[in-house]
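S.K.: What follows is a structure written as structure tokens; I'll ask about it next.
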Amino acid sequence: MLVDYLIPKIYLFDCLLIVNLLIFLFNKKNWLKLKKIKIKLKKIDQLILFLLAIFLIRQFLHINLAVIIYLLRLVLIIIFMITIYLDQEKQLIVRKALLCSILWLSFLAYYQFFMQRSLAPYQFFGEPNLGHFALISRAQFFNQEKILPYASTAHPNILAGIISLFTMIILDNKNKKPLISSLLLLNALVIIFLTQSLSAFLTFCLFLIYSFIKQRATNKQISACLKFFNLSLIALFIFTPLIIKQLQLNLAKEYPSILRRATLNTAAWAMFSNQTIFGVGLNNYVKEVENYSQNQEIVRFIQPVHHGGLLLLSEGGLIALAILLLLAWKFRTQIAWSKLLILSPIFALDHYLITQAVGLTSWLLIITISWRSRR
């Protein structure tokens, strides 16, 4: 089988990232701003760089073209985030661009759902071909089976998640207009309903709870509420695989997706147990999953494990976990943890925030725009 996650792909998005890099390199103002930033390597920085070097050297034992493209894209995305961080005006431009993206993706989604076909599959907009009915996600709407909208994404869950994240970034702006905010909120809820995405629904609900806490609570209450909020989301993220395993025992026949998720989780844990220190290698989960699972369902459902933590442990082992924990500790006062933890349902129930370029960009954008905010 051709596995989509192992096929090297270059998007128009990558070309724009390269253009951004060139503009950044030839702009003298950026170099002046970077010179003003004083970098002092502390012991924690040295340890992070040491572990990162070991991790990257280890990756060369499992290197392939898809991994090389993924790492290069990650570097380009980080540079893009740095340019946004250095220029406040660009953040306004980004929000306007996200608004345009929401409008366009929503238009495609509504067209696909009500017309039950693609507008122009593959030809111009990157839409999946919804004519391949057997391979397309479907659901019951008022006793009628309908194709779920994809817009120009790879799956309805991704569409719902991206619309939700883009909407959250725009709504989390002090200068937002009430009418636009209400329309965006309504649109996001409708898209979530049409895609039947549980992870996007939970994420958007958490965002609304977070917004309510900020607006209605006093300063002392906000601090206490957000601590409880954050700890609850961390616990939810950690224990989700156990919940999935328990649901598998009772609902596997009615909901095959639960069985698939449980099987992928078990395979991921087996990989981590076998390769505890270094994991099986970046982007190698889908390559190795059949070697760690006896379930024949996996033979025709080869995807990354639908849990960000298990994906990290299976592909990067304890060394990748250590790097992330050290980075989290180093920037503990700069990262807006509540905003990041709002994404825990998607991280706990899916993988596209790590494996898909648009997902990776979305949550890094949330961190960049809200940097230095302790909430």
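S.K.: Which trypsin sites (Lys or Arg not before Pro) in the stretch 308-340 sit in a loop by DSSP (not H, G, I, E or B) and have at most 16 other Cβ atoms within 10 Å of their own Cβ?
M.R.: Within the stretch 308-340, the qualifying trypsin sites (Lys or Arg not before Pro) (loop, at most 16 other Cβ atoms within 10 Å) are ARG332.
S.K.: Kindly write out, for the stretch 138-154 in residue order, the coupling ³J(HN,Hα) from the Karplus curve 6.51 cos²θ - 1.76 cosθ + 1.60 (θ = phi - 60°), rounded to whole Hz, with x marking Gly and Pro.
M.R.: So the J values, rounded to whole Hz, are 9, 7, 8, 10, 6, 6, 9, 7, 10, 6, 7, x, 10, 6, 10, 9, 8.
S.K.: Give, as a single signed number, the net charge of other residues whose beta carbon lies under 15 Å from the beta carbon of ILE69, with Lys and Arg counted +1 and Asp and Glu -1.
M.R.: 0
S.K.: Please go through the stretch 96-127 and write out the chymotrypsin sites (Phe, Trp or Tyr not before Pro) that DSSP classes as loop and that have at most 13 other C-beta atoms within 10 Å.
M.R.: When the chymotrypsin sites (Phe, Trp or Tyr not before Pro) of the stretch 96-127 are filtered for loop state and at most 13 Cβ neighbours within 10 Å, TYR122, PHE124 remain.
S.K.: Through the Karplus equation 6.51 cos²θ - 1.76 cosθ + 1.60, θ set to phi - 60°, convert the phi angles of the stretch 201-215 into ³J(HN,Hα) values in whole Hz; use x for Gly and Pro.
M.R.: Values per residue, Gly and Pro as x: 4, 5, 4, 5, 4, 5, 5, 5, 5, 4, 5, 5, 4, 5, 7 Hz.
S.K.: Do any of LYS96/LYS330; LYS227/LYS339; LYS245/LYS339; LYS96/LYS339; LYS177/LYS339 go past 23 Å between their Cα atoms, and which?
M.R.: LYS96/LYS330; LYS245/LYS339
S.K.: About the Cα centre of the chain, what is the dipole size in debye to 20, counting +1 per Lys and Arg Cβ and -1 per Asp and Glu Cβ, all else neutral?
M.R.: 1880
S.K.: Also: Ordered by packing density, taken as the mean number of other Cβ atoms within 10 Å over each peptide's residues, highest first, how do 260-270, 71-81, 158-168, 11-21 rank?
M.R.: Top to bottom by mean Cβ count within 10 Å: 158-168, 260-270, 71-81, 11-21.
S.K.: What does the charge count near LEU184 come to, summing +1 for each Lys or Arg and -1 for each Asp or Glu among other residues with Cβ under 12 Å from its Cβ?
M.R.: Summing Lys/Arg as +1 and Asp/Glu as -1 gives +2.
S.K.: Moving to a separate point now. Run down the aspartates and glutamates and flag those whose C-alpha is under 15 Å from the C-alpha of LYS214, throwing out any fewer than 8 positions away in its chain.
M.R.: Excluding near neighbours in sequence, the set is ASP172.
S.K.: So what's the net charge close to GLY281: Lys and Arg +1, Asp and Glu -1, counting the other residues with Cβ under 15 Å from its Cβ?
M.R.: In short, 0.
S.K.: Still on this model: Contact order normalised by length for the chain, with contacts defined as Cα pairs under 8 Å and 6 or more residues apart; what percent is it?
M.R.: Result for the chain is 18 percent.
S.K.: Something else: Output the relative contact order of the stretch 225-375, whole-number percent, from Cα pairs under 8 angstrom with separation of 6+ residues.
M.R.: It rounds to 26 percent for the stretch 225-375.
S.K.: A follow-up question, please. Between rounded, prolate and oblate, where does the chain land on the alpha carbon gyration tensor, with a ≥ b ≥ c its root eigenvalues, rounded for a/c under 1.5, else prolate if a/b exceeds b/c?
M.R.: Judged from the Cα gyration tensor, the chain comes out rounded (a/c under 1.5).
Readers should treat all values here as calculations from the given coordinates under stated rules, not as data from a laboratory. These figures come from a predicted structure and were not determined experimentally. Neighbour counts run over all protein chains shown; Cβ positions are idealised from the backbone, glycine included.
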